[in-house]
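Structure first, then comments.
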Amino acid sequence: MFYKHNGSYTVESVTSGHPDKVCDQISDSILDAYLKADPKSRVAVETFGGHGKLVIGGEVTSKGKVDYAKIAQDVYKKIGYNNKLDISARIVTQSPDIAMGVDTGGAGDQGIMYGYATNETPEFLPKGVVLAHKLASRLEEMRKRGKIKWLKPDGKTQVTYRDGKLHTVLVSTQHAKNVSQEEIKKEITKKIIHPLLTPLERKTAKILVNPTGHFVSGGFEADTGLTGRKLMVDTYGGLVPHGGGCFSGKDATKVDRSGAYMCRYAAKSLVAGGYGKEVLVSVAYAIGVAEPLMVEAINEKGEDLSQIVRENFDFRPLAIIESLGLRNPIFKGTAAYGHFGKGNLPWEKIKKINKKHQNPNVFYELSKQL
């Protein structure tokens, strides 16, 4: 098994109002704006914010024109923050050294990407990852619907499983000044946590709410944020390997993003096709080269599925863009509560696998002969 380690692990999520996620959403909103204006835009936008200041930087090659400051302020306000930001931007064109490789269909960078799927949940994700995201998104939902009026945008969630059972649920949420910690714990437990747990989990799980006892100052007022700093929240909670490249603010010629999406697409399709209860797919690229250096896949039994993946999925960057429709402005919706497990995203589709390869152990049989 890839992550279970006797069924004990901890994963986390954050709300859309967390400073890092604010930056991710701004970066992806800028990306979407460019793609709407010019679907072939090449975009690599980073956002850094904190204490009233927001800095946008990066490289863009596009026929479109985008008002960075307006997009950033609109995203910030829509999340739930009302203070005005002092915004500065420094955007230049993509390096010609990179462009010369991408122009011919090559990868926009070197790197290793991973995709994972498990049959543990309908989302094909570990149940802890699903629960952590649901808790965080429910905080936002209850706030925006006015169901808990003292809730503020910033927040984090965390869940711990021991021996396969839910052991601890932790919710930290920003709140108004005029509310007691007793009311916070009571309302969060009743309206946020318990609706997502089974009756047995409600009785047995330990619940922690705002362990510091005070969380009034949040967002950019209390902390800084940076695009791409929530890699594990965005993917699989740190339960499987991560290649290191972030997603937000990057168009799909950047294989950090598109390669990881294709790996997830392949892994989910293999699990759905009965090739394993869990599948991990990995790919590696050289900058400017279209063909991957490596495409590997393995299931929880150690069976090698690489040849099946290579014959059913084309990992060349332009092929990924075409098959998953990655020139469409769909990326703002990925920038909070994970990039996987959302049914409306193209890499969450399931592809029917060509089953002509019946022996997944070919790699291991060959390795014994070497």
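Observations
- Among the residues of segment 122-136, those that are closer than 20 Å to residue 157 by Cβ and touching a residue at least 60 places away in the same chain (Cβ under 8 Å) comprise 123, 125, 126, 128, 129, 130, 131, 132, 133, 134, 135, 136.
- Each residue in segment 13-27 was checked for being in contact with a Gly (Cβ under 6 Å, 6 or more places away or on another chain) and part of a helix (DSSP H, G or I), and 5 pass.
- Pairing each residue of segment 284-305 that is at positive phi with any residue that is in a loop (DSSP other than H, G, I, E, B) and surrounded by 17 or more Cβ atoms within 10 Å (Cβ to Cβ), provided the two are 6+ apart or on different chains, yields C-beta distances under 7 Å for 288/106.
- Among the residues of segment 159-188, those identified as surrounded by fewer than 16 Cβ atoms within 10 Å (Cβ to Cβ) and over 25 Å from the mean Cα position of the chain (by Cα) are 163, 176, 177, 178, 179, 180, 181, 182, 183, 186.
- Among the residues of segment 82-97, those that are within 15 Å of residue 58 (Cα to Cα) and in a loop (DSSP other than H, G, I, E, B) comprise 93, 94, 95.
- Some residue of segment 203-220 being within 30 Å of residue 42 (Cα to Cα) and in a helix (DSSP H, G or I): yes
- Candidates 261, 265, 236, 285 - the one that is more than 19 Å from the chain's Cα centre (by Cα), surrounded by 16 or more Cβ atoms within 10 Å (Cβ to Cβ) and of a type in the set (Ser, Thr, Tyr): 285
- Every residue from segment 33-50 that is surrounded by fewer than 21 Cβ atoms within 10 Å (Cβ to Cβ) and either of a type in the set (Lys, Arg) or in contact (Cβ under 8 Å) with a residue 60 or more places away in the chain (or both): 36, 39, 40, 46, 48, 50
- The numbered conditions (1) surrounded by fewer than 23 Cβ atoms within 10 Å (Cβ to Cβ); (2) over 30 Å from residue 276 (Cβ atoms) are all true for residue 12 except (2).
- Just one of the listed residues (93, 118) is of a type in the set (Val, Ile, Thr) and touching a residue at least 60 places away in the same chain (Cβ under 8 Å), namely 118.
- Residue among 276, 333, 341 that is within 30 Å of residue 74 (Cα to Cα) and either in contact with a Lys or Arg (Cβ under 8 Å, 6 or more places away or on another chain) or not in a loop (DSSP other than H, G, I, E, B) (or both): 333
- Against the test of being at pLDDT 95 or above and of a type outside the set (D, E, K, R), the options 17, 101 yield a single qualifying residue, 17.
- When residues in segment 279-320 are screened for being in a loop (DSSP other than H, G, I, E, B), in contact with a Pro (Cβ under 7 Å, 6 or more places away or on another chain) and of a type in the set (Gly, Ala, Ser), 1 of them pass.
- Taken together, 76, 116, 68, 81 contain a single residue that is assigned by TED's automatic domain parsing to the domain that holds residue 321 and either surrounded by fewer than 19 Cβ atoms within 10 Å (Cβ to Cβ) or of a type outside the set (Gly, Ala, Ser) (or both), which is 116.
- Here residue 349 meets the list (1) in contact with a Pro (Cβ under 7 Å, 6 or more places away or on another chain); (2) closer than 19 Å to residue 122 by Cα almost entirely, failing just condition (1).
- Matching entry among 162, 143 (being basic (Lys, Arg), under 30 Å from residue 268 (Cβ atoms) and touching a residue at least 60 places away in the same chain (Cβ under 8 Å)): 162
The values are calculated or read from the model by the stated rules, or taken from the named source; none is laboratory data. Model, not experiment: these values are computed from the prediction. Backbone-built Cβ (ideal geometry, glycine too); neighbour counts: all protein chains shown.
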